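Beneath this line is the structure, given in structure tokens, with notes to follow.
We did not get these values from a lab; they are worked out from the coordinates using the rules stated. Keep in mind that what you see is a predicted model, and the values were worked out from it rather than measured. When we count neighbours, we look across all protein chains shown, and the Cβ atoms used for this are built from the backbone with ideal geometry, even at glycine.
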Amino acid sequence: MNIHLFYSFFKSLVGKDVVVELKNDLSICGTLHSVDQFLNIKFTDITVTDPDKYPHMLSVKNCFIRGSVVRYVQLPADECDTQLLQDAARKEAAQNRQR
Amino acid sequence: MTQPSLLHGNPYLCGAPRTTELPDLQLNFANIHHKMVALGSSFKGASQTEIQTCGASLPDHGAGCGEKASVIIQALDVPTEGVRHVQDETVAYVEDDSQGNGSLYITDNVVTWRNSSGQGFSLQYPSISLHAVSRDLNAFPHECLFLMVDGKLSDDADPRQKSSDDEDEVVGPFEGDTATTEVRFVPADKGALDAMFNSMSDCQALHPDEQDTDSEADDFEANYYEGMEGEDNLTPEGQRTLEHLENLLLNGQGQGDGQNRPNGNEENTNQMDEDQFADADEMQ
């Protein structure tokens, strides 16, 4: 997996609401504040989307999620320019082949 | 004697049902002690007395024996290396159990909390799935730094661990793979919460998973990707610009001509529409 593309893509989503599903099945909805090269994610104003799965969770500010525990990131469809992503992915793959 | 049943569903803890007389329980726990010693360093120093004590209290015990906790209370030294933040007068909660007052040390390598008696626990950053500042008093009665800790047992427990002479605070058995433990740090100084959060975030970035490391990142890209990137109010226009920039950068290795192509296409080999640039009044 090439992280560059995802890093860039997530950066372009800053300020948008996304849902992150962790590997422990917890789902967290929040406003994407920032992301780093390891895809660690910082949220502001999070809520737990499925309280039944994790009843002790609470609404917090300033949440930092370790990138390695993220299973999925759910995005609003209208924020995804899939054509752009496909183009960028192809180019990145081509670059990798050249190395 | 009947086969001991799983206690609290935990395969490492076998015991007779609660109605069994005490001598049987003691016998069972003697077996458990041997098993636990075999498990390795985590139980070094746990004395037979401790386990019998825990077992003796078992018939009356509810969830208080750390049924879900994977945090080990032990004797710890004050960390001295890479200390980023120290917060005294901090109460630690493991799940909902208060560990009392103590000091929190956020260091480059580990998060350590210990009380004035020298008892405490350490957390490795890869096990901290999430941390956050919680100010919602409905969820928890104190403003705190909230940590979600991966409940998996780590084989490489704190190598500086010493044998524990205290009989209290043996937190208990280990939970299965998918369990998580909630840890909360409540400082007396609530204004320090943001600094604690930021220090922990900085240190988390020092511990990426090995498999996630992109070995292809070289000088140009390493400089580009360093640090947390985020704008609080990235406008749609800014977003588009970022996307195009990224596209350029992705293409940029050896091909950069500095020209920002709006549609992101490096080369448009399709046939140009001859009329594209024609004047409107010529288009009849």
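Computed from the C-beta positions of A:Ser59 and A:Arg97, the FRET efficiency with R₀ = 35 Å rounds to 0.15.
For B:Gly151, the amide hydrogen comes within under 5 Å of the amide hydrogens of B:Ala179, B:Thr180, B:Thr181, counting only partners 5 or more places away or on other chains and with H modelled in the peptide plane.
FRET efficiency for A:Asp81 and B:Ala139, Cβ-Cβ distance as r, R0 = 35 Å, nearest 0.05? Once the sixth-power term is evaluated, E becomes 0.40. Other residues within the sphere of radius under 9 Å centred on the Cβ of B:Ser129, judged by their own Cβ, net out at +1 (K and R +1, D and E -1). Computed from Cα atoms, the angle from the helix A:82-98 axis to the main principal axis of chain A rounds to 60 degrees. Taking chain A as the reference, fit the longest principal axis to its C-alpha atoms, fit the long axis of helix A:3-12 to the helix C-alpha atoms, and give the angle between the two in degrees, 0 to 90, nearest 10. Long axis of A:3-12 versus the principal axis of chain A: about 60 degrees.
Peptide A:14-23 has a mean of 3 when you count, residue by residue, the C-beta atoms of other protein chains within 10 Å of its C-beta.
In this simple spin-label approximation, A:Asp45 and B:Glu89 carry label points 7 Å from Cα along the Cα→Cβ vector, and these lie 3.3 nm apart. In terms of distances greater than 21 angstrom between alpha carbons, the cross-link table entries A:Lys11/A:Lys42; A:Lys16/A:Lys91; A:Lys16/A:Lys61; A:Lys42/A:Lys91; A:Lys61/B:Lys190 yield A:Lys16/A:Lys91; A:Lys42/A:Lys91. Taking R0 as 56 Å, what's the FRET efficiency between B:Val78 and A:Phe6 from their Cβ-Cβ distance, rounded to 0.05? Plugging the Cβ-Cβ distance into 1/(1 + (r/R0)^6) gives 0.90. In plain terms, if you count all Cα to Cα distances in chain A and split them into 5 Å steps from zero, the share in each step is 2, 12, 21, 23, 17, 11, 7, 3, 2, 1 percent.
Sorting B:131-138, B:194-201, B:142-149 by average packing, meaning the other beta carbons within 10 Å per residue, from highest down gives B:142-149, B:194-201, B:131-138. Around the Cα centre of chain A, unit charges on the Cβ atoms of Lys, Arg, Asp and Glu (plus for the first two, minus for the last two) sum to a dipole of about 500 debye.
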